[in-house]
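Notes follow the structure.
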Amino acid sequence: MIRAIIIDDEKDGRKALQIAIEKYCKEVSLIRVCETPEDGIAAINELKPDLVFLDVQMPGISGFDVLQKTSHVPFDVIFVSAYDQYAIKAIKFSAMDYLLKPIDVDELLQAVNRVSEGHHKNNNSHRHQSVINNVQFKSGKITRLAVPSIEGIDFFDTDDIIYCEAEGSYTYIHLLDQPKKLITRKLKDFENILAESGFCRVHHSNLINIRHVQKYIKGEGGYVIMCNGQKVDISRRKKEEFIKLLNMV
């Protein structure tokens, strides 16, 4: 059985989630339901759960603050939230699950199934720290990106990222004065979290840092020369967006 805790300050949301878990998630045993983040922190420290259903927006202490204050306890997290665009981007980038209110039963079952199968149990603390770091940038403009990995967390100053290049389900990050690095994230994940930080998806295979464009060569779509000398094509349909962003730098 998966020993789980709910932490949610909203009564109706808390009750709806509890009912759904008890009705549909037979492998989950709810050991505590908490209505304040402070009670949730105490319950995590006392009961050492396997899984926490954690509301993102709570008064005083957010769900991310709860994670930070319980970083010494290993547990899986399924975030529960009303729509918070940037928080969701940070959660997804850190390879963590979230459920939007009102709860969809199929999405709940899928998230619980991933926990049951132990997809993340070896690097929970790394993913927790990653999402804590990335969600700090409320405006969406990230200056330091935390990427969870099996070994730990890779940190990148976004100013040092020249461009990101798709490699199947992985992404190469091309960096200033460093070898390129292969990351187990899709290019779309990088696009989602870096879109407000001066990065532009100019091609299905490339996401470039506008600040590192050295030269633009006109054409049907054209191409750019990046500061490391690499040539990156601009697709025709992305040209207008690219030009607009380039003129803002």
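The values are calculated or read from the model by the stated rules, or taken from the named source; none is laboratory data. Everything numeric in this text was worked out from a predicted model, so none of it was measured. Counting neighbours? That spans all protein chains shown, and the Cβs are built from the backbone with ideal geometry, glycine included.
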Task: Criterion violated by K180 - all others in (1) over 23 Å from H126 (Cα atoms); (2) more than 21 Å from the chain's Cα centre (by Cα) satisfied - done: (1)
Open item on the list: What pairs come out if I take residues in the range 135-161 that are under 15 Å from E196 (Cα atoms) and pair them with residues that are at pLDDT below 75 and part of a helix (DSSP H, G or I) whose C-beta lies under 7 Å away, six or more apart or interchain?
Closed with: K138/Y86; G140/Y86
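With respect to V73, is the statement that it is in a loop (DSSP other than H, G, I, E, B) and either assigned by TED's automatic domain parsing to the domain that holds G152 or more than 23 Å from R185 (Cα to Cα) (or both) true?
Working: in a loop (DSSP other than H, G, I, E, B): yes; either assigned by TED's automatic domain parsing to the domain that holds G152 or more than 23 Å from R185 (Cα to Cα) (or both): yes.
Here the answer is yes, as V73 does meet what is asked.
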TODO: Report, by residue number, each residue of the range 3-20 that is over 24 Å from the mean Cα position of the chain (by Cα) and not acidic (D, E).
DONE: R3, K11, K15, A16, Q18, I19, A20
- [ ] Return the total of residues in the range 227-249 being closer than 17 Å to E191 by Cβ and touching a residue at least 60 places away in the same chain (Cβ under 8 Å).
- [x] 1
Open item on the list: Taking the condition of being loosely packed, with under 15 Cβ neighbours inside 10 Å and aliphatic (A, V, I, L, M), how many residues in the range 36-46 meet it?
Closed with: 1
Task: Residue among N228, N209 that alone is under 25 Å from the mean Cα position of the chain (by Cα) and not β-branched (V, I, T) - done: N209
- [ ] Collect the residues in the range 190-222 that are in a strand (DSSP E or B) and either surrounded by fewer than 16 Cβ atoms within 10 Å (Cβ to Cβ) or β-branched (V, I, T) (or both), keeping them in residue-number order.
- [x] V202, I208, V213, Q214, K215, Y216, I217
- [ ] Would you be able to tell me the number of residues in the range 215-231 that are touching a His at 6+ places or on another chain (Cβ under 7 Å) and aliphatic (A, V, I, L, M)?
- [x] 1
Open item on the list: Just to be sure I understand, how many residues within the range 170-181 are assigned to a strand (DSSP E or B) and either farther than 16 Å from T158 by Cα or of a type in the set (D, E, K, R) (or both)?
Closed with: 2
Task: Single unsatisfied condition, E165 versus (1) modelled with pLDDT under 90; (2) assigned to a strand (DSSP E or B) - done: (1)
- [ ] Quick one: count up the residues across the range 50-67 that are among the acidic types (D, E) and surrounded by 21 or more Cβ atoms within 10 Å (Cβ to Cβ).
- [x] 1
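Quick check: is even one residue across the range 189-211 hydroxyl-bearing (S, T, Y), outside the structural domain of A87 (by TED's automatic domain parsing), closer than 30 Å to H128 by Cβ and touching a strand residue (DSSP E or B) at 6+ places or on another chain (Cβ under 8 Å)? Reasoning before the result, please.
Just the residues of the range 189-211 that are hydroxyl-bearing (S, T, Y), to begin with: 197, 205.
Keeping just the survivors that are outside the structural domain of A87 (by TED's automatic domain parsing) gives 197, 205.
Subsequent filtering for residues that are closer than 30 Å to H128 by Cβ retains 197.
Keeping just the survivors that are touching a strand residue (DSSP E or B) at 6+ places or on another chain (Cβ under 8 Å) gives none.
Within the range 189-211 (the criterion being hydroxyl-bearing (S, T, Y), outside the structural domain of A87 (by TED's automatic domain parsing), closer than 30 Å to H128 by Cβ and touching a strand residue (DSSP E or B) at 6+ places or on another chain (Cβ under 8 Å)), the answer is no, since none of the residues qualifies.
Can you say whether A87 is assigned by TED's automatic domain parsing to the domain that holds N124, among the aliphatic types (A, V, I, L, M), free of Cβ contacts under 8 Å to residues at least 60 places away in the same chain and out of contact with any His (no Cβ under 9 Å at 6 or more places or on another chain), as far as the supplied structure shows? Please lay out each step first, then the result.
Working: assigned by TED's automatic domain parsing to the domain that holds N124: yes; among the aliphatic types (A, V, I, L, M): yes; free of Cβ contacts under 8 Å to residues at least 60 places away in the same chain: yes; out of contact with any His (no Cβ under 9 Å at 6 or more places or on another chain): yes.
So A87 passes the test.
Can you name the residue in the range 223-249 that is at pLDDT below 90 and part of a helix (DSSP H, G or I) and is also surrounded by the most Cβ atoms within 10 Å (Cβ to Cβ) among such residues? Let's see the steps before the verdict.
Going through the range 223-249, the residues at pLDDT below 90 turn out to be 244-249.
Checking which are part of a helix (DSSP H, G or I) leaves us with 244-246.
Values: K244: 10, L245: 17, L246: 14.
This residue is L245.
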